[in-house]
Amino acid sequence: MENIIEVRGLVKSYKKLKAVDNLDLDVKKGKILGLLGPNGSGKSTTINCMLALLSKDSGSIKIYGKEMTPESYDIKEKIGVVFQDVGVYDELSVYENIDYFCGLYIKDKKKRKELIDETIDLVGLNDFLKFKPKELSGGLLRRLNIACGIAHKPEIIIFDEPTVAVDPQSRNNILEGIKKLNEKGATVIYTSHYMDEVEELCDDIVIIDRGKVIAKGTSESLKDLIEVNEKVSFASEIINEDVIEKIRAIDSLIGIEKKDEFYHLSFTHGKDNLIKLINILNENSINYDSLSSESPSLNDVFLSLTGKELRD
Ligand SMILES: Nc1ncnc2c1ncn2[C@@H]1O[C@H](COP(=O)(O)OP(=O)(O)OP(=O)(O)O)[C@@H](O)[C@H]1O
Ligand SMILES: [Mg+2]
């Protein structure tokens, strides 16, 4: 499949800090690439280097096969960016802001109006067209920021943490909007430290930590990297050691730990892990509550690769 963007060996330091450290990235045409990493892992720095807004120390960034430079206006025209920090004009209304940013690319008034109306529908700002940015809630302001970045229908759209500090309704609106843009043909780069969003949205995922790629693949292939296949937890009083030994004897059990009132168990691929556990608990008259079983998450992948949690 065709790579629209190829980043090779990207290095960017701020004084002594290597914020991006020999990073490679491939973005395939028509796909959504997720750049997942904790705060300070180098996501925004990577994006800003890709856009040639920041000068890199070394490495290569090719977009549509051409090396990206600050003067690559032909390439920049094809890219829409929604920056992490909201950047709109306070003195312009919602409509005027979108019109201004779209107008940087689209000069034809009729065409521009069509694009703006389509974008307003997509982000759900119809009821707020005359509002000034300061009159909008955090979530609505984010939607305006997105509208300004995408109205000109760019082929590539970069979203840098567009859902930070937004209410659940706006969050869903934003994620659904990105899916629609992608269905209409846009190639998307999506940075986030929310693994559930990345998992829901992205075809390919690159996990970064301290400026380095630590794993890449689809959500499924990343989860195959780790030993844990099923996580089970239940609440119970302290269970005595001979029963714990029986639980430990389940073939596919990897570990068992007690945290507050809960026992947490992890299993490799195995048949009937849950049933085996329930049988042991019942046979030994253990009272338990809130039993649940879940698949590993990208957080478990991150934890297993780095020894720390991805979550805030
Ligand atoms: N202008 C700057 N000057 C000095 N250090 C910087 C600058 N910008 C970022 N950094 C540092 O570089 C590292 C990477 O920062 P960056 O903003 O790229 O991370 P991020 O993954 O986008 O984080 P977040 O999730 O918080 O947005 C961090 O340690 C940060 O403190
Ligand atoms: Mg950032």
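With respect to residue 87, determine if the residue is within 16 Å of ligand 2 (Cβ to nearest atom), outside any helix (DSSP H, G or I) and at positive phi.
Against the criterion (within 16 Å of ligand 2 (Cβ to nearest atom), outside any helix (DSSP H, G or I) and at positive phi), residue 87 does not qualify.
Among the residues making up the range 41-82, those that are within 16 Å of ligand 2 (Cβ to nearest atom), open to solvent by 30 Å² or more (accessible area, probe 1.4 Å) and assigned to a loop (DSSP other than H, G, I, E, B) are 53, 54. Within the range 237-255, can you find the residues that are surrounded by fewer than 17 Cβ atoms within 10 Å (Cβ to Cβ) and either part of a strand (DSSP E or B) or not assigned by TED's automatic domain parsing to the domain that holds residue 286 (or both)? Selection gives 254, 255. For the range 197-206, a residue qualifies if it is away from ligand 2 (no atom under 15 Å from the Cβ) and either modelled with pLDDT under 95 or more than 23 Å from residue 22 (Cβ to Cβ) (or both), and the qualifying residues are 199, 200, 201, 203.
Yes/no matrix, rows are residues, columns are (1) closer than 22 Å to residue 292 by Cα; (2) over 29 Å from the mean Cα position of the chain (by Cα):
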position: 198; (1), (2): no, no
position: 207; (1), (2): no, no
position: 217; (1), (2): no, no
position: 224; (1), (2): yes, no
position: 231; (1), (2): yes, no
position: 236; (1), (2): yes, yes
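Restricting attention to the range 263-306, the residues that are open to solvent by 30 Å² or more (accessible area, probe 1.4 Å), closer than 22 Å to residue 199 by Cβ and free of Cβ contacts under 8 Å to residues at least 40 places away in the same chain add up to 2. Per the conditions (1) among the aromatic types (Phe, Trp, Tyr); (2) within 24 Å of residue 179 (Cβ to Cβ); (3) over 23 Å from the mean Cα position of the chain (by Cα); (4) not in a loop (DSSP other than H, G, I, E, B), the sole criterion not satisfied by residue 95 is (2).
Please count how many residues of the range 158-174 are away from ligand 2 (no atom under 16 Å from the Cβ) and in contact with a helix residue (DSSP H, G or I) (Cβ under 6 Å, 6 or more places away or on another chain).
Here is the first cut: in the range 158-174, the residues away from ligand 2 (no atom under 16 Å from the Cβ) are 167-174.
From what is left, the residues that are in contact with a helix residue (DSSP H, G or I) (Cβ under 6 Å, 6 or more places away or on another chain) are 167, 170.
Residues flagged as away from ligand 2 (no atom under 16 Å from the Cβ) and in contact with a helix residue (DSSP H, G or I) (Cβ under 6 Å, 6 or more places away or on another chain) within the range 158-174 amount to 2.
Contact map, the range 28-44: residues that are under 11 Å from residue 5 (Cα atoms) and near ligand 1 (Cβ under 7 Å from one of its atoms) paired with residues that are at pLDDT 95 or above and open to solvent by 10 Å² or more (accessible area, probe 1.4 Å), Cβ distance under 7 Å, separation 6+ or inter-chain. No pairs are found.
Got at least one residue in the range 269-277 being closer than 26 Å to residue 28 by Cβ and among the β-branched types (Val, Ile, Thr)? No: zero hits. Can you give me the number of residues within the range 138-177 that are more than 30 Å from residue 49 (Cβ to Cβ) and either modelled with pLDDT of 95 or more or in contact with a Ser or Thr (Cβ under 8 Å, 6 or more places away or on another chain) (or both)? Result for the range 138-177: 2.
Could you please find all residues in the range 1-34 being over 14 Å from residue 204 (Cβ atoms), at pLDDT 95 or above and open to solvent by 70 Å² or more (accessible area, probe 1.4 Å)? 8, 14, 17, 18, 22 - these are the residues of the range 1-34 that are over 14 Å from residue 204 (Cβ atoms), at pLDDT 95 or above and open to solvent by 70 Å² or more (accessible area, probe 1.4 Å).
The values are calculated or read from the model by the stated rules, or taken from the named source; none is laboratory data. Quick caveat: nothing in here was measured; it's all calculated off a predicted structure. So basically every Cβ, Gly included, is an ideal-geometry build from the backbone, and we count neighbours across all protein chains shown. Note: accessible area is taken over every heavy atom of the protein model, side chains too, but ligands, DNA and RNA are not part of it. Shrake-Rupley method; radii C 1.70, N 1.55, O 1.52, S 1.80 Å.
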